[in-house]
Amino acid sequence: MAAPDPATARAAVYEGPGRLTVRDFPLPELGPGDMLVAVELAGVDGSEVHMFRGEIAAIDAIAPVVFGDEILGRVQAIGAQAAARRGLKPGDRVVVEARWPCADCRPCREGNYYLCDHRWEKGGYGWMRADAPPHLWGGYATHVFVPADALVYPVDADLPAETALVACSVLANSIYWTRTAGIGLGDPVAVIGPGPQGIGAALVAQLRGADVVLAGLPRDAARLALARDLGVTRTVVLDGGDGAAQLRAALGQDPAVVIETAGAQPAKDLALAAVRTGGRVVNCSVPPGPLSVDFTAVLLKQVTMQSPLAHPHTVPEALRLGQVLRARGQDVGRMVSHVFALDQAEEAVRTAGYETPESPVKVAIRP
Ligand SMILES: [Zn+2]
């Protein structure tokens with residue numbers, strides 16, 4: 001194999017449903033505010049599984065696209081203004097956040113840049129056309145381009161890459177979701193879905209003092225075992241009977257808060273059936289198609305529905321939390337069960353989507 005050309009980047013490009021092709025791109029020219037980051041590890045998440053299957057029309061409308069919005073890397077080159085403003089130099093380790101604020105919309109002014117009014121046109125990592133320079137807008141690549149507006153956070157050199165990756169994505173969500181839900185000491189909390197997001201939400205809800213049960217299906221046995229290993233004190237396997245009764249039995253009472261991370265209609269229905277009168281349902285994940293909500297039940301139980309999207313402003317504390325948990329023997333990096341090379345990006349997405357014999361928890365790509 002020939003040595004890689006130092007002036008060329010490689011990226012796995014989504015061309016259309018079921019097609020991820022590794023292509024070469026020239027390294028972009030950097031302006032004074034820009035930066036080029038060499039990717040160390042990129043996460044594969046559920047939305048990319050849906051996009052790869054062609055279930056998200058908005059991504060097909062802008063393809064070709066380099067996937068990947070969970071990005072850990074090292075500064076390879078940096079403009080003078082960016083270096084001065086960000087306090088970074090080549091070699092520094094960073095996390096690049098998926099989205100960043102615009103200059104003029106209300107949600108961004110109020111700090112919630114994941115709700116930016118211009119988000120569909122503006123895009124972000126894993127959600128930008130790859131056919132025009134600077135091309136490198138996704139983590140499934142050797143390099144990502146980082147403009148002046150993008151949000152970047154330093155990462156300790158000694159933090160394992162898997163820990164940093166899970167912290168900056170999964171734990172960052174867990175912090176925002178459990179904070180939105182106002183979870184406090186002694187609150188009975190049920191978390192539905194033992195994927196990385198469910199395990200993270202259960203761990204952080206426990207750290208906030210909640211009495212937590214994490215629920216999964218019989219096929220989730222390995223994920224539930226990992227959750228217990230990471231410190232989730234109570235798990236339950238839903239056996240297809242009365243799920244609300246099973247959650248009540250596990251907690252000794254109905255949950256005040258149900259965090260729903262599975263993103264399927266039966267899980268949404270269970271959340272609403274299980275939550276106690278006057279309680280809160282936290283809606284964290286949705287499938288591509290439509291869902292139904294029993295608004296009569298929402299009203300008669302006076303349920304508060306909350307839908308926190310992603311993780312505005314929580315990446316720095318998530319990185320610190322990842323470090324603290326690791327020091328306590330709870331390394332969230334252990335959720336990374338499968339790591340693939342860039343050339344295997346298609347297999348990585350198929351593995352994350354349960355299309356292979358593997359039983360993944362969190363899948364990553366190491367370009
Ligand atoms: Zn905005």
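The values are calculated or read from the model by the stated rules, or taken from the named source; none is laboratory data. Being a predicted model, the structure only gives us computed values, none of them experimental. Cβ placement follows ideal geometry from the backbone for every residue including glycine, while neighbour counts extend to all protein chains displayed. With ligands, DNA and RNA removed, areas are computed over all heavy atoms of the protein, side chains included. Shrake-Rupley method; radii C 1.70, N 1.55, O 1.52, S 1.80 Å.
Report the residue count in the stretch 239-263 for those that are over 19 Å from Ser174 (Cα atoms) and in a loop (DSSP other than H, G, I, E, B). Spell out how you get there, then give the answer.
Applying the first criterion (over 19 Å from Ser174 (Cα atoms)) to the stretch 239-263 yields 239-254.
From what's left, in a loop (DSSP other than H, G, I, E, B): 239-242, 252-254.
So the count comes out to 7.
Taking into account only those residues within the stretch 61-78 that are open to solvent by less than 10 Å² (accessible area, probe 1.4 Å) and part of a loop (DSSP other than H, G, I, E, B), which is farthest from Tyr153 (Cα to Cα)? Outline the logic, then answer.
As a first pass, look at the stretch 61-78 and keep what is open to solvent by less than 10 Å² (accessible area, probe 1.4 Å): 65-68, 71-73, 75.
Keeping just the survivors that are part of a loop (DSSP other than H, G, I, E, B) gives 67-68.
Values: Phe67: 20, Gly68: 17 Å.
Here the residue is Phe67.
Restricting to the stretch 205-234, give me the number of residues that are farther than 16 Å from Ala256 by Cα, part of a helix (DSSP H, G or I) and open to solvent by less than 10 Å² (accessible area, probe 1.4 Å).
Residues that pass the stated criteria total 2.
Can you find a residue in the stretch 296-317 that is modelled with pLDDT under 95 and either out of contact with any helix residue (DSSP H, G or I) (no Cβ under 6 Å at 6 or more places or on another chain) or of a type in the set (Phe, Trp, Tyr) (or both)?
There is no residue in the stretch 296-317 that is modelled with pLDDT under 95 and either out of contact with any helix residue (DSSP H, G or I) (no Cβ under 6 Å at 6 or more places or on another chain) or of a type in the set (Phe, Trp, Tyr) (or both).
Consider the stretch 41-60. How many of its residues are part of a strand (DSSP E or B) and closer than 17 Å to Thr21 by Cα?
In the first step, residues of the stretch 41-60 are kept if they are part of a strand (DSSP E or B); the result is 41-44.
Now restrict to residues that are closer than 17 Å to Thr21 by Cα: 42, 44.
Number of matching residues: 2.
Would you call Leu270 part of a strand (DSSP E or B), buried (at least 18 other Cβ atoms within 10 Å of the Cβ) and either of a type outside the set (D, E, K, R) or assigned by TED's automatic domain parsing to the domain that holds Glu110 (or both)?
Against the criterion (part of a strand (DSSP E or B), buried (at least 18 other Cβ atoms within 10 Å of the Cβ) and either of a type outside the set (D, E, K, R) or assigned by TED's automatic domain parsing to the domain that holds Glu110 (or both)), Leu270 does not qualify.
Output the number of residues of the stretch 117-153 satisfying the condition of being without any contact (Cβ under 8 Å) to a residue 40 or more places away in the chain and either of a type in the set (D, E, K, R) or within 16 Å of the ligand (Cβ to nearest atom) (or both).
The number of residues fulfilling the criteria is 5.
Might you check whether a residue that is touching a Lys or Arg at 6+ places or on another chain (Cβ under 8 Å) and either open to solvent by 80 Å² or more (accessible area, probe 1.4 Å) or not assigned by TED's automatic domain parsing to the domain that holds Ala190 (or both) occurs anywhere in the stretch 289-301?
No, every residue in the stretch 289-301 fails to be touching a Lys or Arg at 6+ places or on another chain (Cβ under 8 Å) and either open to solvent by 80 Å² or more (accessible area, probe 1.4 Å) or not assigned by TED's automatic domain parsing to the domain that holds Ala190 (or both).
Only one residue in Gly18, Gly43, Gly68, Gly54 is farther than 24 Å from Ala264 by Cβ and in contact with a Gly (Cβ under 9 Å, 6 or more places away or on another chain). Which one?
When all the criteria are applied, what remains is Gly68.
Collect the residues in the stretch 79-108 that are outside any helix (DSSP H, G or I), within 16 Å of the ligand (Cβ to nearest atom) and either over 20 Å from Val315 (Cα atoms) or of a type in the set (Asp, Glu) (or both), keeping them in residue-number order.
Glu97, Ala103, Asp104, Cys105
Out of everything in the stretch 234-255 that is of a type in the set (Val, Ile, Thr) and more than 23 Å from the chain's Cα centre (by Cα), what residue ends up being nearest to Leu203 (Cα to Cα)? Steps first, answer last, please.
Here is the first cut: in the stretch 234-255, the ones of a type in the set (Val, Ile, Thr) are 235-237.
Those left that are additionally more than 23 Å from the chain's Cα centre (by Cα): 236-237.
On the way: Val236: 15, Val237: 18 Å.
Only one residue fits best here, namely Val236.
What are the residues in the stretch 307-322 that are over 18 Å from Gly231 (Cα atoms) and either open to solvent by 30 Å² or more (accessible area, probe 1.4 Å) or among the basic types (Lys, Arg) (or both), if any?
Within the stretch 307-322, Ser307, Leu309, His313, Pro316, Glu317 meet the criteria.
Is it true that some residue in the stretch 68-80 is among the aliphatic types (A, V, I, L, M), within 17 Å of the chain's Cα centre (by Cα) and closer than 24 Å to Val166 by Cα?
yes
I need a count of the residues in the stretch 178-187 that are assigned to a helix (DSSP H, G or I) and in contact with a strand residue (DSSP E or B) (Cβ under 6 Å, 6 or more places away or on another chain).
1
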